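Some notes on the structure that comes next.
The values are calculated or read from the model by the stated rules, or taken from the named source; none is laboratory data. Note that this is a predicted model, so its numbers are computed, not measured. We place every Cβ from the backbone using ideal geometry, glycine too, and count neighbours over all the protein chains shown.
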Amino acid sequence: MHRLVLAVILAAGFALRVWNIDYGLPFVYSIDEANHFTSRAVGMFWQDLDPSYYQNPAAYTYLVYALLRVLYGPLGFLFDLPYGNVTEQFAKDPTEIWIAARTLAAALCVGGAAATYLAARRLWGVREGLVAAAVVSFAFLPVAYSRVAVTDVGSLAGVALALLWSVQAYETGRLRSYALAGGGAGLAVAFKYTAGLALLPLAIAALARVRADGPRAAGGLALGASLAAVVFMALNPYVVGSLDVWWRDLRAQAEVAADLPKPGQESGGVSYYLDSLTWGLGWAAALAALLGATLELRRSFVRGLILVAVPVALFAYLSVQSRYFGRWLLPAYPALAMLAAVAVSRAADVATGWVASRAAGRGRPAPGRAPPGPRPARSGLRGGRRRVVASGLRPGLPGLLAGGTLRRRVPALAPAAVLAAVTALVLAQPLAADVRTALVLGRADTREQAREFLTERFPPELRVSIEPAVPGRYFRSNPEGRLPDWLSRCPAHSGWREPGWSYVGHGGRRLCVRFKPAAFARPARGIRASAYHMVLSPEVIDDYRFYGYCLVVTTGVVRERALQTGAPGVRAYYRRLERESRLLREFSPYDPGEGPVPFNFDLSYNYYPSEYHRPGPTVRILRLDRCEQRTGPPVIRVPRVKELPPFSAPDGERGAGAEET
């Protein structure tokens, strides 16, 4: 029966993740999706398997590559490649590839839930295993970040297994347990470097057994650490030949997170991550995890310390960094889920006992009146209790339920029903958010709405300043892989190798040009959102007019982020822009009468707040006064790109990929 329940939990968790998983495509996807994993997996189809990138481990990248090999190889009869090969397909119409990569992330997260079930079941029992699996399956943070093609959720399974075998190593001292714990930690760190903290529980277990086992404990720890390194290297093989590059990228990533705060992140890590638990795990589940930690520490201090080590150490490490993202805390979630399961199981026992005692009270005969039916010694509470005591069982809840009267009043399924009810109460908050955000993602993104508005009302190659909240594909004339109605081919002119492109340009004239036009003019080397405040000043408005950028598209996430920096010129820029322009159209993500929601580096992108009706930021399209609109590639990018710090560099420059991970 419990296997069926587990299957239902995992299937429901997977369904939540893939519901509307094609959101935003092909116009909108996250910068981390664009730069770090899927694009590098696609690159492996035309070059070698070296990712040439070590800011993040490569295990997820290799899995995406393997998945695409299977989908467009043995399963090619089901998954077509209209453009002939994966790299060409990704350049022309990447939607199906993005969906495959996102679905893989969802499957990895569900696999993490299954591993958490296994660990909790082995450490406590089936009930705790099912509750722990439900917490990982439905907690909002694991759900939200397995709808994105990023690596974080891949670490969950390894952390869960490392915790299981670390406890086993402490309790048994077997070298096999040390080795398996190290292997689990290696699996975790192969997806996320900070998940290497999964080795800390193993170190605690070895230290606790030094007195009993002596050198054997040290040997077990060395064995586990060695297995961790072997597993990591097996899943990141090119690290071996590129240790200097790997160490440089790893140090650079760590230095950025520690020393370069992102604009708008000045509140401090402790409060940020504590707050993330209230919505990422949920208030009730977070409190249950705290209670479960207390119970385990009281039961066995060392065992409890092993279980709480990863959440505490990861929280402490992340809190002293300069950059904060809720998903960076994900490697702690298997431990939090298992600790919450302990508390939920204990609460269900108490609730079941209360139900049983109430049933017993209702079943007692009135004073002075003989009880009806068979004698109590055979079927009543007293006789049932005597039989349980005689058999050596504790005269508690099992004894109460053994009595015939209570067996009729409290069926055998009552404990399971109470456990399910308590679990449902604990997960009500995140589950409601899972469903709500899935519905939100099923609606058109505000940036999609804005793009449709501009392409329907203005000619191609439009000079428009769009704030950096969209990927480069947003500017293309055919981001869905097929030509729009307004674009066709025309005969080649002298010197052209191929036919040209025909469309109606600015002023109503039909043009025949050599290169395919974009929907919006956009030179290379666009500025990132993290550095946008550095290029804004009131003088930018003059550049807009001079170069014919009469349309300016602002997005709430970029504007609020820039304003939070307090950089000189930013506020003056927006004030002048609003003063010297008129609003053509505004697209809001909120329900009527709701919002706006203050900018947050997690909540503004995962749409947890209930005010959201559709994904995306507030998008405003402004038309500058006294401005002559122009089309075609401009001489310069406006706002102009100035000299910037390495990790705020324009697209294509070294370090640009470190934006969010």
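Quick one: is Val110 of a type in the set (Val, Ile, Thr), under 19 Å from Arg147 (Cβ atoms) and in a loop (DSSP other than H, G, I, E, B)?
Numbers: of a type in the set (Val, Ile, Thr): yes; under 19 Å from Arg147 (Cβ atoms): yes; in a loop (DSSP other than H, G, I, E, B): no.
Answer is no for this residue.
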All conditions in (1) over 18 Å from Gly186 (Cβ atoms); (2) touching a helix residue (DSSP H, G or I) at 6+ places or on another chain (Cβ under 6 Å) are true of Ala257 except (2)
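Could you say whether any residue in segment 258-277 is in a helix (DSSP H, G or I), at pLDDT 95 or above and closer than 30 Å to Ala348 by Cα?
In the first step, residues of segment 258-277 are kept if they are in a helix (DSSP H, G or I); the result is 258-259, 269-277.
Narrowing the set further to residues that are at pLDDT 95 or above leaves 277.
Among the residues that remain, those that are also closer than 30 Å to Ala348 by Cα are: 277.
Within segment 258-277, one or more residues are in a helix (DSSP H, G or I), at pLDDT 95 or above and closer than 30 Å to Ala348 by Cα.
Return a yes/no flag: does segment 494-502 have any residue that is outside the structural domain of Leu603 (by TED's automatic domain parsing), exposed (fewer than 15 other Cβ atoms within 10 Å of the Cβ), without any contact (Cβ under 8 Å) to a residue 40 or more places away in the chain and within 35 Å of the chain's Cα centre (by Cα). Talk me through it step by step, then tell me what you get.
We begin by selecting, within segment 494-502, every residue outside the structural domain of Leu603 (by TED's automatic domain parsing); these are 494-502.
If we keep only those that are exposed (fewer than 15 other Cβ atoms within 10 Å of the Cβ) as well, we get 494-499.
Checking the rest, the ones that are also without any contact (Cβ under 8 Å) to a residue 40 or more places away in the chain come to 494-499.
Restricting the remaining residues to those that are within 35 Å of the chain's Cα centre (by Cα) gives none.
Within segment 494-502, none of the residues are outside the structural domain of Leu603 (by TED's automatic domain parsing), exposed (fewer than 15 other Cβ atoms within 10 Å of the Cβ), without any contact (Cβ under 8 Å) to a residue 40 or more places away in the chain and within 35 Å of the chain's Cα centre (by Cα).
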Pairs, first touching a residue at least 12 places away in the same chain (Cβ under 8 Å) in segment 223-248, second of a type in the set (Val, Ile, Thr), C-beta under 6 Å, six or more apart: Phe232/Val189; Trp246/Val239
Looking only at segment 141-160, which residues are within 22 Å of Leu180 (Cβ to Cβ) and over 8 Å from the mean Cα position of the chain (by Cα)? Gly154, Ser155, Leu156, Ala157, Gly158, Val159, Ala160
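Could you grab me the full set of residues in segment 1-56 that are within 30 Å of Trp246 (Cα to Cα), in a helix (DSSP H, G or I) and in contact (Cβ under 8 Å) with a residue 60 or more places away in the chain? Step through it out loud before you land on a result.
Here is the first cut: in segment 1-56, the ones within 30 Å of Trp246 (Cα to Cα) are 29-56.
Cutting the leftovers down to in a helix (DSSP H, G or I) gives us 31-35, 38-43.
Correct list: Ile31, Asp32, Glu33, Ala34, Asn35, Thr38, Ala41.
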Please work out which one of (1) closer than 26 Å to Phe453 by Cα; (2) out of contact with any Ser or Thr (no Cβ under 8 Å at 6 or more places or on another chain) is the condition Thr565 fails and give its number. (1)
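Within the group Leu314, Leu291, which residue is in the same structural domain as Ala105 (by TED's automatic domain parsing), under 30 Å from Arg436 (Cα atoms), free of Cβ contacts under 8 Å to residues at least 60 places away in the same chain and of a type outside the set (Asp, Glu)? Outline the logic, then answer.
Numbers: Leu314 fails: free of Cβ contacts under 8 Å to residues at least 60 places away in the same chain.
Being in the same structural domain as Ala105 (by TED's automatic domain parsing), under 30 Å from Arg436 (Cα atoms), free of Cβ contacts under 8 Å to residues at least 60 places away in the same chain and of a type outside the set (Asp, Glu) holds for just one of Leu314, Leu291, which is Leu291.
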Exactly one condition in (1) under 22 Å from Phe325 (Cα atoms); (2) of a type in the set (Ser, Thr, Tyr); (3) buried (at least 24 other Cβ atoms within 10 Å of the Cβ) is false for Tyr170; which is it? (1)
Just to check your reading of the model, which residue among Ala212, Ala179, Ala217 is at pLDDT 95 or above and either at negative phi or outside the structural domain of Ile9 (by TED's automatic domain parsing) (or both)? Ala179
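Within segment 246-257, is even one residue part of a helix (DSSP H, G or I) and over 30 Å from Thr565 (Cα atoms)?
Within segment 246-257, one or more residues are part of a helix (DSSP H, G or I) and over 30 Å from Thr565 (Cα atoms).
Got at least one residue in segment 60-81 being in a loop (DSSP other than H, G, I, E, B) and under 30 Å from Glu467 (Cβ atoms)? Spell out the reasoning first.
Kept after step one, since they are in a loop (DSSP other than H, G, I, E, B), are these residues of segment 60-81: 72-81.
Next cut, under 30 Å from Glu467 (Cβ atoms) only: none.
Among the residues of segment 60-81, not one is in a loop (DSSP other than H, G, I, E, B) and under 30 Å from Glu467 (Cβ atoms), which makes the answer no.
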